[in-house]
Amino acid sequence: MHIIIVGCGKVGSTLAEQLQEEDTDLTLIDTDADVINNLTEDIDAMGIVGNGASINTLMEAGVKTADIMIAVTASDELNLLCCLIAQKTGHCQTIARVRNPIYSKEIGFIQERLGLSMIINPELATAREISRLLRFPAAIKIDPFSKGRVELLKFKVLPEFKLDGMSVSQISDAFRSDILVCAIESRDNVSIPGGDHIIHDGDMVSILASPLNAAAFFRKIGLKTNQVKNCIIVGGGTISYYLAHALLDMKIDVKIIEQNKNRCEHLSELLPDATIINGDGTNRSLLLEEGLSESESFVTLTNLDEENVFLALFAKSISDAKLVAKVNRLEFDDVIDSLDIGSVIYPKNITADYILQYVRAT
C-alpha cells in the first residue's frame with residue numbers, strides 16, 4: 001500500500017513511525033527540509049521538500065498510483081486543498097485534519113461534496129475521549145470498537161477489589177461476567193494472559209466487553225460505574241468548549257476556569273448553561289473556593305503540560321475526583337504514566353490512532 005503524508009509535525013511523524021512498521025510504502029511531504037531530513041534518517045520513507053498542494057509536488061510523490069493521501073498540516077484549508085488536488089490527479093482515498101470549530105457543523109457537507117474519505121478534528125476527538133472517561137470514571141482509558149458496541153477498558157487493580165492473588169480463570173468463575181481479559185501490565189512487563197495468569201494489586205488490566213457487561217463487572221468488584229455529576233475544567237480552549245458541550249448534553253454540571261477575560265465572555269455566549277470563571281486555574285485558593293475538594297471530576301486542559309500534570313497531582317492530594325490531564329509532548333509518556341494521576345490524554349496520539357484505524361481497515 002502506497003501512502004502519502006503531507007505535513008510532518010507531531011501527528012504526521014507519529015503516523016509515519018507507526019505506519020512504517022506495517023506493509024506500507026511511505027512518502028512524506030513537508031516544506032521544512034530539516035523536518036524531512038530528520039524523519040527520513042529514522043524512518044524508511046521517501047521524503048520530499050515542497051508544498052503538498054502543488055500538483056508538481058504530488059506528482060513527484062506518486063499521487064497517481066497512491067492508495068491513500070493523509071493531509072495533516074497546520075492549515076485546515078491547505079489540508080482540504082491537498083485532498084481535492086489529489087483526487088483530481090489520482091484515484092487515492094483522502095484524509096484531512098480539520099481543526100477550526102467554524103467547520104465542525106459543516107464536516108458532513110465538506111466530506112460529501114469534496115469526496116473525502118475521512119475528516120478528523122483532533123480537539124473534538126479528544127473531547128469525546130474525555131467525555132467517555134467521565135461517563136465511566138472507573139476506567140483509566142476507553143477505546144470503542146464496532147461503533148461503541150464493544151469497548152476496551154483499562155483499570156488499575158486496587159486492594160479493595162480483593163483480586164490480588166486470583167487467576168484470570170478464577171475471576172471469571174467468581175464474578176460470572178461476560179468479559180475478556182486482554183492484557184495485564186505489571187511493573188516489569190506487559191502480557192497477554194492465559195487462564196492461570198495471577199493478578200496482583202497495582203496491575204493495569206485491560207478488558208474487552210460491551211458497556212453493559214463492563215459496568216456489571218465493575219459493580220461486582222466495587223468500582224464506581226455511574227457517570228460523574230459535575231466537572232471542573234481548567235483552561236478554556238477549543239477542547240474545553242467541545243468537552244463542556246458534550247458534558248452538558250449528558251446533564252453534567254460544568255465549571256470552566258479561564259484566565260483570558262475575552263475568552264471567558266466568548267465561552268459564556270457559546271455555553272450559557274456552563275459556569276465560566278475568569279481566574280488563574282493554578283491558584284490554590286481559587287480551586288478550593290470553587291469546590292475542587294468535593295468535585296467528582298477535574299480536567300486540566302491548559303497549554304502547558306507541566307501545569308496540567310501539577311494540577312492533577314494537587315487534585316489527587318485533596319479529592320477523590322476522576323482526574324484527566326492533557327499532555328502534548330509524547331517523549332516523556334513513561335514518566336508521566338508512572339505518576340499515577342488517573343487518565344492522561346495525548347491529543348496527537350488520539351488523532352494518529354483514529355487515522356490508523358481507518359488505514360488498517362482499508
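Taking first residues from segment 281-295 that are of a type in the set (A, V, I, L, M) and partners that are open to solvent by less than 30 Å² (accessible area, probe 1.4 Å) and in a helix (DSSP H, G or I), the Cβ contacts under 7 Å between residues at least 6 apart in sequence or on separate chains come to LEU292/ALA315. Checked against the criterion of being over 29 Å from LYS326 (Cα atoms) and in contact with an Asp or Glu (Cβ under 9 Å, 6 or more places away or on another chain), the candidates LEU163, LEU248 yield just one match: LEU163. Listed by position, the helices (runs of 4 or more DSSP H) contained in segment 76-159 that have at least 3 residues being open to solvent by less than 30 Å² (accessible area, probe 1.4 Å), aromatic (Phe, Trp, Tyr) and modelled with pLDDT of 85 or more form an empty set.
Against the definition (hydrophobic (A, V, I, L, M, F, W, C) and in contact with a Cys (Cβ under 6 Å, 6 or more places away or on another chain)), how does VAL205 come out, yes or no? Judged against the criteria, VAL205 is not a match. Taking segment 261-282 as the range and being of a type in the set (S, T, N, Q), surrounded by 13 or more Cβ atoms within 10 Å (Cβ to Cβ) and either at pLDDT 95 or above or over 20 Å from PHE314 (Cβ atoms) (or both) as the test, the residues that pass are SER268, THR275, ASN278. When residues in segment 25-75 are screened for being among the aliphatic types (A, V, I, L, M) and in a loop (DSSP other than H, G, I, E, B), 7 of them pass. Looking across segment 6-26 at every residue that is of a type in the set (Val, Ile, Thr) and modelled with pLDDT under 95, the one that is farthest from PRO122 (Cα to Cα) is identified as THR24. Note on segment 314-354: among residues that are of a type in the set (Val, Ile, Thr) and more than 12 Å from the chain's Cα centre (by Cα), the one that is surrounded by the fewest Cβ atoms within 10 Å (Cβ to Cβ) is VAL335. When restricted to residues that are among the charged types (D, E, K, R) and in contact with a strand residue (DSSP E or B) (Cβ under 7 Å, 6 or more places away or on another chain), segment 139-190 contains 7. When the residues of segment 195-240 are filtered to those that are basic (Lys, Arg) and more than 21 Å from GLU129 (Cβ to Cβ), the one that is least open to solvent (accessible area, probe 1.4 Å) is LYS220. Scanning segment 1-47 for residues that are open to solvent by 10 Å² or more (accessible area, probe 1.4 Å), within 20 Å of ARG97 (Cα to Cα) and aliphatic (A, V, I, L, M) gives a single hit, VAL35. Among the residues of segment 48-72, what is the count of those that are of a type outside the set (Val, Ile, Thr), open to solvent by 40 Å² or more (accessible area, probe 1.4 Å) and under 22 Å from LYS10 (Cβ atoms)? Selection size over segment 48-72: 1.
For segment 190-245, taking the residues that are within 17 Å of VAL157 (Cβ to Cβ) and among the basic types (Lys, Arg), the one that is modelled with the lowest pLDDT is identified as LYS224.
The values are calculated or read from the model by the stated rules, or taken from the named source; none is laboratory data. Model, not experiment: these values are computed from the prediction. Backbone-built Cβ (ideal geometry, glycine too); neighbour counts: all protein chains shown. Only protein heavy atoms, including side chains, enter the accessible area calculation; ligands, DNA and RNA are left aside. Shrake-Rupley method; radii C 1.70, N 1.55, O 1.52, S 1.80 Å.
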